[in-house]
Amino acid sequence: MAKAKIAVITTGGTIAMRDEGRGGVPALGPDELLAHLPPDLQEATQLQVEAFSNLPSSHFTVANLWQLRKAVQDRLERLAVRGAVITHGTDTLEETAYLLDLTVPGERPVVMTGAMYRADEPGYEGFRNLADAVRVALDPEARGRGTMIVMNGEIHAARYAMKVKSHGPDAFASPGCGPMGRIVDGKVHWHWRVEREVLSVRELEPDVHLIKAAVGMPDTLLRLLVQQRPRGIVIEGFGGGRVPPGWMSAIREAVQQGTAVVVASRCPIGYTGDEYGYAGACRDLEATGAVLAAGLSGVKARIKLMVALGKR
Ligand code: ASP
């Protein structure tokens with residue numbers, strides 16, 4: 001039987017880290033990562049392996065994100081693979097995953113994974129997560145589901161996935177909707193199907209910033225930012241997307257000077273919109289020209305704004 005081709009792209013993260021005497025640092029290359037793939041997967045697949053980088057995900061730049069997006073789209077188109085598997089640090093995994101989900105067209109799945117323990121620590125779960133990710137990429141039912149994050153036996157849709165815990169193998173969740181599927185004893189089970197949005201993109205606009213509202217917080221930071229005349233600002237607001245009333249004049253100024261302002265909810269299970277008539281609530285924000293982020297988290301609203309502004 002012909003082997004299924006899968007593109008594997010490694011980018012770094014704890015899944016590829018070991019303590020080399022001064023704390024965990026990138027150490028494992030793609031060959032070491034893939035050496036432990038179970039025999040049934042080695043039999044069934046032909047892996048097209050490529051080391052994109054070996055970075056902690058907190059070191060990723062917007063340029064790195066853009067190059068990775070291009071590499072993924074190119075490999076899916078050029079290599080006639082069934083899908084792509086990407087290893088990545090968990091810290092910013094949800095942002096990269098959402099960018100790929102939003103901008104890599106087509107039916108072939110992109111499956112991302114990582115690990116929360118280093119390769120030299122007891123409990124290292126990288127080999128298992130990687131094997132699960134390859135299983136998901138091979139599964140016929142994965143087609144059309146966009147980009148997914150596979151960790152701890154769960155499949156999370158990029159649109160909803162969030163790193164909700166700083167430590168431990170169960171760091172990822174899809175708040176409000178739960179995992180899209182699970183991998184149990186090497187079998188992939190699906191629970192629901194995601195409605196995917198795909199945008200065309202020419203480049204990513206890097207000059208997009210994220211700030212979070214907190215009770216009674218003066219508008220100092222927001223004003224300093226607006227004075228820089230950035231292309232875009234995302235605000236993580238209270239509840240359904242509200243800000244302190246004292247922020248409204250800076251928001252108005254931003255919109256008037258041509259800075260796009262997007263307001264998301266700072267709640268992990270959040271959707272913007274309300275019925276309030278007071279200053280700084282949704283109606284006031286929209287009347288000022290700010291845009292509400294609907295159900296996107298602040299970091300994902302920023303990714304979408306970078307895509308939208310990059311199109312011009
Ligand atoms: N330091 C890691 C990173 O690159 C964290 C991880 O991968 O779990 O994001």
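None of the figures in this text is laboratory data; all of them are computed from the coordinates on show. This one's a predicted model, so the numbers in the text were calculated from it and none came from an experiment. Neighbour counts are summed over all protein chains in view; Cβ atoms, including those assigned to glycine, are modelled from backbone coordinates with ideal geometry.
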With the alpha-carbon atoms as the only input, what is the per residue convex hull volume for region 158-238 in Å³?
173
Compute the long axis of helix 298-310 from its Cα atoms, compare it with the longest principal axis of the Cα atoms of the chain, and write down the angle in degrees, 0 to 90, nearest 10.
90
Between helix 126-138 and the chain, what is the angle of the helix's C-alpha long axis to the longest principal axis, kept within 0 to 90° and rounded to the nearest 10?
90
Does region 57-132 classify as rounded, prolate or oblate by the C-alpha gyration tensor (a ≥ b ≥ c root eigenvalues; a/c under 1.5 gives rounded; else a/b over b/c gives prolate, otherwise oblate)?
oblate
Let me know the whole percent of all Cα-Cα pairs from region 47-200 that are separated by more than 25 Å.
21
Cβ-placed point charges (K, R +1; D, E -1), dipole of the chain about Cα centre in debye, nearest 20
700
Largest first, please: the extent of the C-alpha atoms of region 5-83 along each principal axis, to the nearest Å.
40, 34, 11
Filtering chymotrypsin sites (Phe, Trp or Tyr not before Pro) in region 171-266 by DSSP loop and by at most 15 other Cβ atoms within 10 Å leaves 192
Return the FRET efficiency for the residue pair residue 80, residue 27: r is the Cβ-Cβ distance, R0 is 41 Å, and the value is rounded to the nearest 0.05.
0.80
For region 72-194, calculate the relative contact order in percent as a whole number, restricting contacts to Cα pairs under 8 Å that are 6 or more residues apart.
22
In which sequence would 59, 156 go, from the one with the fewest C-beta neighbours within 10 Å to the one with the most?
59, 156
Report the trypsin sites (Lys or Arg not before Pro) located in region 106-154 that are in a DSSP loop and have at most 14 other Cβ atoms inside 10 Å of their Cβ, or state none.
143
Beta bridge orientation in the chain: antiparallel %, DSSP, nearest 5
35
Going from the fewest other Cβ atoms within 10 Å to the most, one would list 37, 93 as 37, 93
Residue 36-residue 198 FRET efficiency (beta carbon distance; Förster radius 30 Å; 0.05 resolution):
0.30
Expected max-MSF residue from 205, 236, 141 in the GNM of the chain (alpha carbon, under 10 Å) is 141
Restricted to Cα positions, what overall size does the chain have along the principal axes? Three whole-Å values, descending.
64, 43, 32
If you project the alpha carbons of region 57-96 onto their three principal axes, what span does each projection cover, largest first, in Å?
31, 18, 11
Take the eigenvalues of the Cα gyration tensor for region 116-216, scale each by 5, and report the square roots as semi-axes in whole Å, largest first.
26, 21, 14
Output the pairs from 3/163; 5/163; 165/304; 212/311; 163/187; 187/311 with a Cα-Cα distance over 32 Å in this structure; if there are none, say none.
3/163; 187/311
Pseudo-spin-label distance residue 1 to residue 283, built 7 Å along Cα→Cβ, given in nm, is 6.2
What percent of all Cα-Cα pairs in region 181-288 falls into each 10 Å bin, going from 0 up to the bin containing the maximum distance?
13, 37, 26, 14, 8, 2
Counting other Cβ atoms within 10 Å of each Cβ, which chymotrypsin sites (Phe, Trp or Tyr not before Pro) in region 250-312 have at most 15 and sit in a DSSP loop?
276, 278
Take the Cβ-Cβ distance between residue 269 and residue 229 as r, set R0 to 30 Å, and report the resulting FRET efficiency rounded to the nearest 0.05.
0.30
Kindly provide the Kirkwood hydrodynamic radius of region 261-312 in Å, to one decimal, from all pairs of distinct alpha carbon atoms.
11.6
Label-point separation (nm) for residue 221 and residue 190, each offset 7 Å from Cα along Cα-to-Cβ?
4.1
Could you work out the helix-only [θ] at 222 nm for the chain, with each DSSP H run of four or more residues adding -39,500 (n - 2.57) and the total divided by the number of residues, to the nearest 500 deg cm²/dmol?
-8500 deg cm²/dmol
